[in-house]
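Input: one structure, supplied below.
The values are calculated or read from the model by the stated rules, or taken from the named source; none is laboratory data. Just so you know, these numbers come straight off a predicted model, no measurement behind them. Cβ coordinates were reconstructed from backbone atoms using ideal geometry, including for glycine residues, and neighbour counts include every protein chain displayed. Please note that ligands, DNA and RNA were not included when accessible areas were found on the heavy atoms of the full protein model with its side chains. Shrake-Rupley method; radii C 1.70, N 1.55, O 1.52, S 1.80 Å.
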Amino acid sequence: MVEGVRRLLQGVGVIKVQATKDGRFLVLLDDVGRLSLWDKRSLIRLYQYEDVKISDFNIMPILTSPNATLTTTSGSTVVPSSSQFSVIILTAPDSVTQCRFIEVVSLPDYTVTHHVPVAAKCWLVKPQEGSEVRWW
């Protein structure tokens, strides 16, 4: 699957690909630091997000409550649709300040719900399936 997407990207390298839990979408990080969203079955790119350079990402567990809402960093409330899901991203260091951020982003509309500055030497670690996720 990764090779098929790599051919479609025409020379841009693939750093990471993850499929959503429902298997409908692929989230791809390329070697330029862009995130893109693909239809898994047809391998058609649906969205490409170029405003933020990204070092890493992980797809987050799907919201379990049918009445769940998301609150954006601007304070507005969003009701997720069945095709929305969240990813946690680690931004690439800013070229001037070397600042990095961890952000929780709702896709496909790229709504940032959380934005936290982190140390330059920070990594995302995906827990094993079924293990408890802890935040400090």
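Looking at this structure, is Ile88 modelled with pLDDT of 90 or more, open to solvent by 30 Å² or more (accessible area, probe 1.4 Å) and within 18 Å of Leu35 (Cα to Cα)?
No, not satisfied.
Restricting the search to segment 105-120, which residues are part of a strand (DSSP E or B) and farther than 16 Å from Leu37 by Cβ?
Selection gives Thr113, His114, His115, Val116, Pro117, Val118.
Further question on the same structure: Go through segment 1-45 and report how many residues are modelled with pLDDT of 90 or more, open to solvent by less than 20 Å² (accessible area, probe 1.4 Å) and small (Gly, Ala, Ser).
The total comes to 2.
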